[in-house]
Amino acid sequence: MSTQRNFLFVFFVAMAFAGGGFFTYLAFMGPPAVPIHATVLPEPRSLPEFSLLDQAGNEFNRESFSGDWSLVFFGFTHCPDICPATLQQLSLARAKVTADGDKNFPRIVLVSVDPERDTPEVLDAYTKHFGEGVTGVTGTLPQLMNLTSSIGIFFAKSDQEDGTYSVDHSAVVLLINPDAEFQALFSAPHKIEHFVDDVPLITGSD
Amino acid sequence: LITRRLTILLASLLFVACQADSGPPLVASGIQVFMPLPGRSAAIAYFDIENRSGKTISITGISSPQFASSMIHETTLIDGVSRMQAVGQVVVEQSSSVSFEPGGLHVMLMNPVDELTTDAIVTLEIHYDEAGLMIIEARARPRSNP
């Protein structure tokens, strides 16, 4: 009887230590970090074959995404608000992450959805304002549609009262993996912290 | 007793009315002006504006002596698609605030009269109601280094 009581005592003490250890582990280590702002696709989707021009006038195609992670935004240089604000947020996120020691933040790609006004030369001056690692891409309307229609990006010309035009466009930021696959997306409205927190978790450079 | 209570109530109302009239009706904060991007001629301004008056105020226009023209625009985000349109007036309800911010209301300042340099003081004239005018200022900053 005494042996049985001793056994139970030792058993409960052991359980108490094990439970305490488990909760201490959780308290210090926390659950594994997962992206909370980005939507990660269950299976990455291959980009279609496409052909555009970068700001230097060189061809920019599906292969151009190979080997590096890329954050891709669709906008235009006459857009005064959300396009420069998003590029600014992406640039500041990259500056923050690289300052924290991670040198592998994705490059930033602006795909212009205003082929009438955004020539490679216009994109060259515009993208340089946001620092190194920002690529500007443009093409003809059919070339752009070939890429955007396959990945659910919308854009359409919109006449303004003052006789000019704007372009309505999807405000999402896509994360393309080094295999040229669409892997995750960030929905607007964007915040710098969304990219700072989630991009390293998805790219595995955290 | 009723007379005394009425006197206190009237005194309280008078006090509140005096408080409401003691300061400017509109107060702006967080003012930012971003310079035109390379190849572009439009700067952009953002700020928060608070209505401290006892009545609704309508902002009817925002101008700047340093720019040939200006417009209030609003970016809307519907089903993930960004659209921009001109806005005729902005209503600020009493005791509330309206934010001019990226992805929402903003002031487009077009065609600088003179070249706009970094840290130049930009004056914004906020026109409201019949003849109200409020003047605010901010330094022009590049997008790359806000």
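A few remarks follow.
- B:Val92 being more than 14 Å from chain A (Cβ to nearest Cβ), in contact (Cβ under 8 Å) with a residue 40 or more places away in the chain, closer than 15 Å to B:Asn51 by Cβ and surrounded by 12 or more Cβ atoms within 10 Å (Cβ to Cβ): yes
- One residue from B:Gly30, B:Gly88, B:Gly61 being assigned to a loop (DSSP other than H, G, I, E, B) and modelled with pLDDT of 90 or more: B:Gly88
- Residue within region B:35-51 that is surrounded by fewer than 13 Cβ atoms within 10 Å (Cβ to Cβ) and not in a loop (DSSP other than H, G, I, E, B) present: no
- Tally of residues being in a loop (DSSP other than H, G, I, E, B), within 14 Å of chain A (Cβ to nearest Cβ) and of a type in the set (S, T, N, Q) across region B:97-139: 1
- Checking A:Asp81, A:Asp102 one by one, the residue that is farther than 19 Å from A:Glu193 by Cβ, acidic (Asp, Glu) and in contact with a Pro (Cβ under 9 Å, 6 or more places away or on another chain) is A:Asp81 and no other.
The values are calculated or read from the model by the stated rules, or taken from the named source; none is laboratory data. Just so we're clear, the structure is a prediction, and the values are computed from it rather than from any experiment. No Cβ is skipped: glycine too gets one built from the backbone with ideal geometry, and neighbour counts run over all protein chains shown.
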